[in-house]
Amino acid sequence: MPNYELMLVVDPFLDEAANQIMLEKAGDQIKRRGGTVTQIDPWGKRRLAYPINKKLEGFYALFTFEGEMGGAEIAEIERVLRLEEQVMRVMITRIPVIKPRKTKKSKGEGEARAHGETMSAGQAGQQPFGR
């Protein structure tokens with residue numbers, strides 16, 4: 001199942017109860033669209049990189065969630081949250097799955113290592129220095 005992150009920036013002048021209500025609304029929107037919230041990480045008040053609506057700070061919260069959602073469901077979550085008056089910014093990103101890299105071995109190298117032998121530069125098809 002794909003994993004996503006939702007970064008939510010809320011008005012810093014809200015009290016603790018109002019912030020908690022906004023976090024619950026965001027979690028409800030994810031659940032309504034078929035997602036499962038795995039973690040909510042409230043970062044607290046932080047300084048913004050640039051002023052938004054003449055405010056220099058915002059209350060940040062990071063949601064990690066998973067679900068088989070298409071682009072329409074993700075866009076709908078963002079749209080509904082942006083309509084909330086207390087929400088300053090919303091961003092949802094998909095977390096890529098990192099697959100292990102496969103290494104290639106040359107034919108002669110793999111056979112020699114399997115037998116515990118070492119190869120010289122000439123055996124591996126390379127010319128030694130000075131020739």
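In table form, for the structure just shown:
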read-out: Count - residues of segment 65-74 that are more than 17 Å from residue 40 (Cβ to Cβ) and either surrounded by 13 or more Cβ atoms within 10 Å (Cβ to Cβ) or in contact with a strand residue (DSSP E or B) (Cβ under 6 Å, 6 or more places away or on another chain) (or both); value: 3
read-out: Any hit, segment 40-59, residues being in contact with a Lys or Arg (Cβ under 9 Å, 6 or more places away or on another chain), more than 13 Å from residue 92 (Cα to Cα) and β-branched (Val, Ile, Thr); value: yes
read-out: Residue check, residue 79 out of contact with any His (no Cβ under 8 Å at 6 or more places or on another chain), under 30 Å from residue 36 (Cα atoms), at pLDDT 85 or above and part of a helix (DSSP H, G or I); value: yes
read-out: Index of the failed condition, residue 120 passing every other in (1) modelled with pLDDT under 90; (2) surrounded by 10 or more Cβ atoms within 10 Å (Cβ to Cβ); (3) of a type in the set (Ser, Thr, Tyr); value: (2)
read-out: Hits in segment 1-60 (condition: among the aliphatic types (A, V, I, L, M) and over 23 Å from the mean Cα position of the chain (by Cα)); value: 14, 17, 18, 21, 52, 56
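Quick grid of which residues meet (1) touching a Leu at 6+ places or on another chain (Cβ under 9 Å); (2) surrounded by 14 or more Cβ atoms within 10 Å (Cβ to Cβ); (3) modelled with pLDDT of 90 or more:
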| site | (1), (2), (3) |
| --- | --- |
| 6 | yes, yes, yes |
| 11 | no, yes, yes |
| 27 | no, yes, yes |
| 38 | no, no, yes |
| 58 | yes, yes, yes |
| 63 | yes, yes, yes |
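The values are calculated or read from the model by the stated rules, or taken from the named source; none is laboratory data. This is a predicted model, so every value here is computed, not measured. When we count neighbours, we look across all protein chains shown, and the Cβ atoms used for this are built from the backbone with ideal geometry, even at glycine.
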